[in-house]
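Below: one structure, written as structure tokens.
The values are calculated or read from the model by the stated rules, or taken from the named source; none is laboratory data. Here the structure is a predicted model, which means the values were calculated and not measured. Heads up, the Cβs are rebuilt from the backbone with ideal geometry, glycines too, and the neighbour counts pull from every protein chain shown.
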Amino acid sequence: MIKITFPDGSEREYEAGVSGLDIAKSISSRLAKEVLACSVNDEVWDIARPIDCDASIKLYKWEDAEGKHAFWHTSAHLLAEALQELYPGVQFGIGPAIEQGFYYDIDPGDAVIKEGDLAKIEKKMLELASMKSELKRENISKEDALKLFGERGETYKCELIEELEDGQITTYTQGNFTDLCKGPHLPSTSPIKAIKLTSVAGAYWRGQEDRKMLTRIYGVSFPKKKMLDEYVVLMEEAKKRDHRKIGKELELFAFSERVGKGLPLWLPKGTALRLRLEDFLKRIQKRFGYDQVMSPHIGNKELYVTSGHYAKYGKDSFQPIHTPEENEEYLLKPMNCPHHCEMYAIKPRSYKDLPIRMAEFGTVYRYEQSGELHGLTRVRSFTQDDAHIFCTPDQVKDEFLAVMDIIFIIFNALDFANFEAQISLRDPNNREKYIGSDENWEKAERAIVEACKEKGLNARVETGEAAFYGPKLDFMVKDALGRRWQLGTIQVDYNLPERFNLEYTGTDNEKHRPVMIHRAPFGSMERFIAVLIEHTMGKFPLWLTPDQVAILPISEKYNDYAHEVARELDAVYEVRAIVDDRNEKIGRKIRDNEMKHIPYMLIVGEKEAENGEVAVRKQGEGDQGVLKVAAFGEKVAEEVRSMINKW
RNA sequence: GCUGUUAUAGCUCAGCGGUAGAGCACUUCCUUGGUAAGGAAGAGGUCCCCGGUUCAAGUCCGGGUAACAGCUCCA
């Protein structure tokens, strides 16, 4: 007998060799039906795998990430089995479960698998699933594994096996398909009832650009047909939030092939919104002791040679601008830091001057790979809400903490609750990739980790993800489709001050090197607004939204009154109002303006015009009763004030 | 940059070898209305660009360009 401990601490005895599934059965038949995976001593296992010794166990169902993971991992194997039948000779790469489904990377040889083939593969998968094949787990020696997969000509699998340790190698087999895999898996393919293969794309073998591009097939699967239908609806809903679609509908921004790809055009309403966001940050920065500066959009090539950026990115950037002078070259600025370093260097600095905080909404130009461009989230011309803090090494941590405060103020003001924080450290095994001394790197990395701890920020630590000049803390937010985008960033830099030979005189009357902190709470105006659009679906907060009020005259007879009200709201209360003076019925005007997500609608007709009143309607909530124009203006102004005063 | 997909009216899309279509938006007229689509008429297209096949090409083929999904990259 062995002792099994459950998550609530309770214990039960079972015969040795009992499986997770057996244990579930002993609890309830319903649980046995639903359980998909289990963890045994905190290691995720197949529910069919026998347990031989005392263990603590957790059972995972569809609702648990581990349960879904096993389900989708098995689905990936099912996909591979289908491909093996449909495309004899296909070679397999890897086929894992991912956040939302699974994929399999394959090399189909001479065959080409296109999107049009997915339906056929889906059908084959369902056919195979209905055979309810068991998945059999087997330990295999390295030698046997190499022989087995070698005979099948599976060069990718053999490459993986070569890197595994003998004794640690397992295979899973269902039907005629055997895969190198460490699991865990479902006991059989039978729970897989609904499958959708979502896309086919190229993916480099092992994620390395210089290796072969395999064909990757993505899919999702579910235990119930209804869940797939719900998923499809959810994806369609998510697409409606797409900032590219909403940005076009609300006329916030546009792209023009003639202007150039990746070069956004900010339309009046988008510009108004963006400027308001910039003012919001400027206000906060003023409070935190920042000075606003401005620098040109180009800089002499020598500036970037000095900064080191030219050596690293010169070839992949917009190429130099030539002047009538021979040998004179300028670059579109790819970042603002070197300009700010030169501003620091205009005169001798004392420790009494520090910290110096220079902020600039600086537009930069980066020649991003064409395949990387994506709406407003990845563009070739964008504006960073940039600032550089020059401080003494002792001030780094406090400055870092203050920047984190600014970021939290912004995220709170705009309801970005679900952000993730990531600390990016250098790869200690690849030090030549980075500029700067070991000592400085360690100092900087420690400051970041400590600052996060002090703020109680649960940040994921990634080694090897640092910028070449220093470690950083990034804030990531997901878009409508679950893709992660980096927004706010704080980066410590011991390198540029060195390269620009920046100094300050200390209390000891000696010259010292200041530390530089780069930071951008929004990241870029473009990307931030893109994510904001997807989060709000275009229903921006009252203080930010381009049009706060739409005035709807009942008939054309009241157009003059409507315009009068609009003028008064603007002039007296700084409330932004538009007038819908089309020759349409009131029901129509309400519908159209509701769909534009304008927070307030004012309906004005005979009664209102006579009494200097407006009939108020709130977006999504309907009729709110009648108010005097002044009372309404004051109400909206107050609502905006109360939002702004919170920051 | 790489793999795959797409490109028809301002927008969303149908048409897929034989004279370019729908809904919405737009213009004009009728209507002057009270809380989520009033009616009628009209205008609007280099079917992304360049080549090729064909008696005939939005439609088939090749090459560009741009967008979309993913990979790689992201100072």
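Points to keep in mind about this one:
- Going through (1) of a type in the set (Ser, Thr, Tyr); (2) outside any helix (DSSP H, G or I); (3) surrounded by 12 or more Cβ atoms within 10 Å (Cβ to Cβ) one by one, A:Tyr304 falls short only on (2).
- Contact annotation: residue pairs with Cβ atoms under 8 Å, 6 or more positions apart or on different chains, pairing a residue in segment A:419-435 that is farther than 22 Å from A:Arg499 by Cα with a partner that is basic (Lys, Arg), are A:Glu420/A:Arg460; A:Glu420/A:Arg484; A:Ala421/A:Arg460; A:Gln422/A:Arg460; A:Ile423/A:Arg460; A:Ile423/A:Lys472; A:Ser424/A:Lys472; A:Asp427/A:Lys433.
- Only a single item in (1) at pLDDT below 95; (2) among the hydrophobic types (A, V, I, L, M, F, W, C); (3) crowded, with 21+ Cβ neighbours inside 10 Å is not met by A:Ala417, and it is number (3).
- Of everything in segment A:149-163 that is farther than 16 Å from A:His77 by Cβ and not acidic (Asp, Glu), the residue that is surrounded by the fewest Cβ atoms within 10 Å (Cβ to Cβ) is A:Gly153.
- Residue within segment A:379-392 that is more than 30 Å from A:Trp543 (Cα to Cα) and of a type in the set (D, E, K, R) present: no
- Taking segment A:253-288 as the range and being exposed (fewer than 13 other Cβ atoms within 10 Å of the Cβ) and either among the charged types (D, E, K, R) or in contact with a Lys or Arg (Cβ under 9 Å, 6 or more places away or on another chain) (or both) as the test, the residues that pass are A:Glu257, A:Arg258, A:Gly260, A:Lys261, A:Asp279, A:Arg283, A:Lys286, A:Arg287.
- Every condition in (1) exposed (fewer than 15 other Cβ atoms within 10 Å of the Cβ); (2) at pLDDT 95 or above holds for A:Val293 except the one numbered (1).
- No other residue among A:Asp110, A:Asp117, A:Asp166 is within 16 Å of RNA strand B (Cβ to nearest atom), surrounded by fewer than 15 Cβ atoms within 10 Å (Cβ to Cβ) and not β-branched (Val, Ile, Thr) apart from A:Asp110.
- Pick from segment A:79-107, criterion within 12 Å of RNA strand B (Cβ to nearest atom) and aliphatic (A, V, I, L, M), ranking: surrounded by the most Cβ atoms within 10 Å (Cβ to Cβ): A:Ile106
- Segment A:585-638: number of residues that are within 6 Å of RNA strand B (Cβ to nearest atom), in contact with an Asp or Glu (Cβ under 8 Å, 6 or more places away or on another chain) and modelled with pLDDT under 95: 1
- Extreme residue, surrounded by the most Cβ atoms within 10 Å (Cβ to Cβ), among residues of segment A:1-22 that are under 20 Å from A:Lys136 (Cα atoms) and in contact with a Lys or Arg (Cβ under 8 Å, 6 or more places away or on another chain): A:Gly20
- Which listed residue, of A:Val549, A:Val579, A:Val629, is touching a His at 6+ places or on another chain (Cβ under 8 Å) and of a type outside the set (Lys, Arg): A:Val579
- Positions within segment A:586-603 being in contact with a Ser or Thr (Cβ under 9 Å, 6 or more places away or on another chain) and farther than 15 Å from A:Val616 by Cβ, in sequence order: A:His597
- Qualifying residues in segment A:243-259 (those that are more than 10 Å from RNA strand B (Cβ to nearest atom) and not in a loop (DSSP other than H, G, I, E, B)) - the one nearest to A:Met537 (Cα to Cα): A:Ile246
- For segment A:456-499, the candidate set comprises residues that are in contact with an Asp or Glu (Cβ under 7 Å, 6 or more places away or on another chain) and not in a strand (DSSP E or B); within that set, the residue that is modelled with the lowest pLDDT is A:Tyr469.
- Hey, A:Ala238 in a strand (DSSP E or B) and either out of contact with any helix residue (DSSP H, G or I) (no Cβ under 7 Å at 6 or more places or on another chain) or more than 15 Å from RNA strand B (Cβ to nearest atom) (or both) or not: no
- Matching residues in segment A:420-441 - criterion: being in contact with a strand residue (DSSP E or B) (Cβ under 6 Å, 6 or more places away or on another chain) and surrounded by fewer than 17 Cβ atoms within 10 Å (Cβ to Cβ): A:Glu420, A:Asp427
- Top-ranked residue in segment A:120-151 [being touching a Phe, Trp or Tyr at 6+ places or on another chain (Cβ under 9 Å) and assigned to a loop (DSSP other than H, G, I, E, B); ranked as farthest from RNA strand B (Cβ to nearest atom)]: A:Ser133
- Criterion (crowded, with 18+ Cβ neighbours inside 10 Å and at pLDDT below 95) met by exactly one of A:Leu186, A:Leu250, A:Leu234: A:Leu250
- Residues (more than 12 Å from RNA strand B (Cβ to nearest atom) and either over 21 Å from A:Leu502 (Cα atoms) or out of contact with any strand residue (DSSP E or B) (no Cβ under 9 Å at 6 or more places or on another chain) (or both)) located in segment A:297-324: A:His297, A:Ile298, A:Val305, A:Thr306, A:Pro320, A:Ile321, A:His322, A:Thr323, A:Pro324
- Residue within segment A:271-290 that is under 27 Å from A:Asn495 (Cα atoms), small (Gly, Ala, Ser), within 16 Å of RNA strand B (Cβ to nearest atom) and modelled with pLDDT of 95 or more present: no
- Filtered residues of segment A:353-386 (kept if more than 13 Å from RNA strand B (Cβ to nearest atom) and of a type outside the set (Phe, Trp, Tyr)): A:Asp353, A:Leu354, A:Pro355, A:Ile356, A:Arg357, A:Met358, A:Ala359, A:Glu360, A:Thr363, A:Thr383, A:Asp385
- Which listed residue, of A:Ala571, A:Ala631, A:Ala562, A:Ala609, is without any contact (Cβ under 8 Å) to a residue 24 or more places away in the chain, over 30 Å from A:Ile284 (Cβ atoms) and more than 35 Å from the chain's Cα centre (by Cα): A:Ala631
- Residue that is farthest from RNA strand B (Cβ to nearest atom) [pool: residues in segment A:214-232 that are among the β-branched types (Val, Ile, Thr) and more than 22 Å from the chain's Cα centre (by Cα)]: A:Ile217
The rows are residues; the columns are (1) touching a helix residue (DSSP H, G or I) at 6+ places or on another chain (Cβ under 9 Å); (2) within 16 Å of RNA strand B (Cβ to nearest atom); (3) under 20 Å from A:Phe222 (Cβ atoms); (4) touching a residue at least 12 places away in the same chain (Cβ under 8 Å).
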residue	(1), (2), (3), (4)
A:Leu180	yes, no, no, yes
A:Leu186	yes, no, yes, yes
A:Lys193	yes, no, yes, yes
A:Thr198	yes, yes, yes, yes
A:Gly202	no, yes, no, yes
A:Glu209	no, yes, no, no
